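K.L.:
Have a look at the structure that comes next, please.
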Amino acid sequence: MPGLTIGDTIPDLVADSTHGKIRLHDYIDASWTIVFSHPADFTPVCTTELGKMAEYAQVFAQQGVKLVGLSCNDVQSHKEWIKDIEAYTPGCKVTYLILADPNREIIKQLNMVDPNEKDSSGNPLPSRALHIVGPDKKVKLSFLYPAATGRNMDEVVRVLESLQKASKHKIATPANWKPGDPVVISPSVSNEQAKEMFPRGYKTVDLPSKKDYLRFTNV
Ligand code: BEZ
């Protein structure tokens, strides 16, 4: 499906939000940013997801990340809905901004449409999409979940930490990696370079091919 994907620059759109009118590139500035969409205000799964985002906001702030929510209603509706979200998630405040998209224009620009769902007039329905945008304003990772499946914020924290580590070191994170676990050294790094780059050392897994490509280290 054509549309915004990994490696693309996020559109510099201007939109109304619960924090006033914003221009997306100015708002992102040079920060990592999570842009996440929701089908509609006052719907059950969305209420739990926005509450969870409020609960995790401090974790994302510690990772230097800005949050941009989006739901396909207007600002007035969002402001009323925030009261429900905060009541459902005691002790948490929705301090991140939520973009308004009552005409479902932004979800098309940001490739946040559910390809399988249409409303009764045949108009596109929003999915639970999430883009992680780097300080260069390029999309580094995207999720696209259907409306019926709520997202796991621990997974968002996990992949964000993987992306941030891989942007600093020539590493990748293996299957089921969790923050704190060893990482693997990129295949483009020779053993000589690896000794210089990873002074704490690394371990090569002995495999039948003897190609020495699976090397674990800690960063
Ligand atoms: C929900 O948030 O629960 C929801 C929204 C749209 C369709 C289905 C579920």
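K.L.:
Of the candidates Phe36, Phe198, Phe60, which one comes out as most mobile in a Gaussian network treatment of the chain with C-alpha springs shorter than 10 Å?
P.N.:
Phe198
K.L.:
Ok, one more. Once R0 is set to 45 Å, what does the formula 1/(1 + (r/R0)^6) return for the Cβ-Cβ distance between Thr95 and Asp206, expressed as a FRET efficiency to the nearest 0.05?
P.N.:
Taking R0 as 45 Å, the efficiency between Thr95 and Asp206 is 0.35.
K.L.:
Out of Ser167, Ser77, Ser127, any idea which swings most in a Gaussian network model of the chain, alpha carbons joined below 10 Å?
P.N.:
Comparing Ser167, Ser77, Ser127 in the GNM, the peak value goes to Ser167.
K.L.:
Assuming a ≥ b ≥ c are the square roots of the Cα gyration tensor eigenvalues, decide whether segment 78-159 counts as rounded (a/c under 1.5), prolate (otherwise, with a/b larger than b/c) or oblate.
P.N.:
oblate
K.L.:
Let me ask you something else. Which aspartates and glutamates, if any, have their Cα less than 17 Å from the Cα of Lys140, not counting same-chain residues under 8 positions apart?
P.N.:
Result set, ordered by chain and number: Asp8, Asp12, Asp29, Glu155, Glu161.
K.L.:
List the lysines whose Cα sits under 23 Å from the Cα of Lys21, skipping any in the same chain fewer than 8 residues away.
P.N.:
Cα-Cα hits under 23 Å: Lys66, Lys79, Lys83, Lys93, Lys108, Lys137, Lys138.
K.L.:
Between Asp29 and Lys79, what is the label-point separation in nm under the 7 Å Cα-to-beta-carbon projection?
P.N.:
Here the answer is 2.5 nm between the modelled labels.
K.L.:
Same structure again: Between Arg104 and Asp8, with labels modelled 7 Å along Cα→Cβ, what's the label distance in nm to one decimal, could you check?
P.N.:
1.8 nm
K.L.:
Out of every Cα-Cα pair in the chain, what percent are more than 22 Å apart?
P.N.:
Beyond 22 Å sits 55 percent of the P(r) for the chain.
K.L.:
Where is the GNM fluctuation largest for the chain (alpha-carbon springs, 10 angstrom cutoff): Thr89, Thr47, Thr204?
P.N.:
Result for the chain, Cα springs under 10 Å: Thr204 fluctuates most.
K.L.:
Please compute the net charge surrounding Lys52, taking Lys and Arg as +1 and Asp and Glu as -1 over other residues with Cβ under 13 Å from its Cβ.
P.N.:
-3
K.L.:
Contour minus end-to-end for Phe42 and Asn123, with contour as 0.36 nm per residue of separation and end-to-end as the Cα-Cα distance? Provide the component values of the computation, followed by the final result.
P.N.:
Values: separation 81, 0.36 × 81 = 29.16 nm, distance 1.98 nm.
Using 0.36 nm per residue and subtracting the Cα-Cα distance, I get 27.2 nm.
K.L.:
What part of the accessible area of the chain, given as a whole %, is carbon or sulfur when the probe is 1.4 angstrom?
P.N.:
51 percent
K.L.:
Then there's this: Taking the dipole about the Cα centre of the chain, with the C-beta of Lys and Arg at +1 and of Asp and Glu at -1, give me whichever of Pro187, Cys92, Ala129 is farthest to the positive side.
P.N.:
Farthest towards the positive pole: Pro187.
K.L.:
What accessible area per residue comes out for segment 107-219, rounded to a whole number of Å², with a 1.4 Å probe?
P.N.:
Details: 6460 Å² over 113 residues.
In whole numbers, segment 107-219 has 57 Å² accessible per residue.
K.L.:
Can you give me the C-alpha center-to-center distance between segment 150-219 and segment 57-128, rounded to a whole angstrom?
P.N.:
So the separation of the two Cα centres works out to 33 Å.
K.L.:
Then there's this: Once label points are set 7 Å from the Cα along Cα→Cβ at both Ser167 and Ala61, what is their separation, rounded to one decimal in nm?
P.N.:
Each label point lies 7 Å from its Cα, and together they span 2.0 nm.
K.L.:
What do the square roots of 5 times the Cα gyration tensor eigenvalues come to for segment 13-130, in whole Å, largest first, as semi-axes of the equivalent ellipsoid?
P.N.:
Working from the Cα gyration tensor, I get semi-axes of 22, 18, 13 Å.
K.L.:
Would you mind checking which residues have amide H under 5 Å from Leu141's amide H? H placed 1.01 Å from N; only 5 or more apart, or other chain.
P.N.:
Ile132
K.L.:
How much FRET efficiency would the formula 1/(1 + (r/R0)^6) give for Ala148 and His19, where r is the Cβ-Cβ distance and R0 is 22 Å, rounded to 0.05?
P.N.:
Once rounded, the FRET efficiency stands at 0.15.
K.L.:
Would you kindly calculate the mean projected area, averaged across all directions, of the convex hull enclosing the Cα atoms of segment 99-207, in square nanometres? Intermediate results must be reported in sequence, preceding the final value.
P.N.:
Details: hull surface 40.4 nm².
Computing the convex hull of the Cα atoms and averaging its projections yields 10.1 nm².
K.L.:
Now, a different point. Could you work out the local net charge near Arg23, counting Lys and Arg as +1, Asp and Glu as -1, over the other residues with Cβ closer than 15 Å to its Cβ?
P.N.:
Values: positive: Lys21, Lys66, Lys137; negative: Asp12, Asp16, Asp26, Asp29.
Around Arg23, the charge tally is -1.
The values are calculated or read from the model by the stated rules, or taken from the named source; none is laboratory data. Since we're looking at a predicted model, the values are computed, not measured. Backbone-built Cβ (ideal geometry, glycine too); neighbour counts: all protein chains shown. We work out accessible area using only protein heavy atoms, side chains counted, and drop any ligands, DNA or RNA first. Shrake-Rupley method; radii C 1.70, N 1.55, O 1.52, S 1.80 Å.
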